[in-house]
Amino acid sequence: MDLFLILTYFYPVVQRTKKMTRIFIGEGIVFLYIVLLVYAAVTKLLDHEKFVVQVGQSPILTDYAVFLAWAVPLVELVISALLIVPGTRLVGLYAGFSLLVMFTTYIVLASRFSDFVPCSCGGVLEGMTWTQHLFFNVAFVLMGIIGILLYPKLRTMYSTPDHV
């Protein structure tokens, strides 16, 4: 059999496989961001009084504790909503990425320059050490970058026909 015919036959299959892989990775990142942000917001709101106290114990955030105790979960839910709606997904990816960069910066500053910093994450995340938090956040920051870089390709893929 002619090699050119074989390659011509399998090229569309390979292209569709690449396309599906990109879609799977991109949508997977969006899904993980939604789960993380909704989980974080709900756990903060369910035990709101504890969250206010923990934010108030932070040497960096003490003056803004009451405001942040409402603003942070609200922002997390708004970003989740942006990620759910396909037309605002890229904005949601940028917002989620930015929020995680801020949280990661806070972790670095708080763990380096303060003797006592309470964890106000809530739920399962509350049991992590600061180092584990840092690695967890960096992983989500990297996923955010990948999602942002993949998104224009995903948008094009959704709008083009599946045949090559």
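Does SER114 satisfy being under 10 Å from the mean Cα position of the chain (by Cα) and not basic (Lys, Arg)? When the stated conditions are applied, SER114 does not pass them.
Among the residues that make up segment 29-42, is at least one of them more than 18 Å from GLY123 (Cα to Cα), surrounded by 14 or more Cβ atoms within 10 Å (Cβ to Cβ) and either at pLDDT 90 or above or in contact with a Lys or Arg (Cβ under 8 Å, 6 or more places away or on another chain) (or both)? Yes, there is a match, as at least one residue in segment 29-42 is more than 18 Å from GLY123 (Cα to Cα), surrounded by 14 or more Cβ atoms within 10 Å (Cβ to Cβ) and either at pLDDT 90 or above or in contact with a Lys or Arg (Cβ under 8 Å, 6 or more places away or on another chain) (or both).
Restricting attention to segment 37-64 and to residues that are under 24 Å from ARG112 (Cβ atoms) and of a type in the set (A, V, I, L, M, F, W, C), the residue that is farthest from the chain's Cα centre (by Cα) turns out to be VAL53.
The values are calculated or read from the model by the stated rules, or taken from the named source; none is laboratory data. The model shown is predicted, which means the values in this text are computed figures rather than measured ones. Virtual Cβ from ideal backbone geometry, glycine too; neighbours counted across all protein chains shown.
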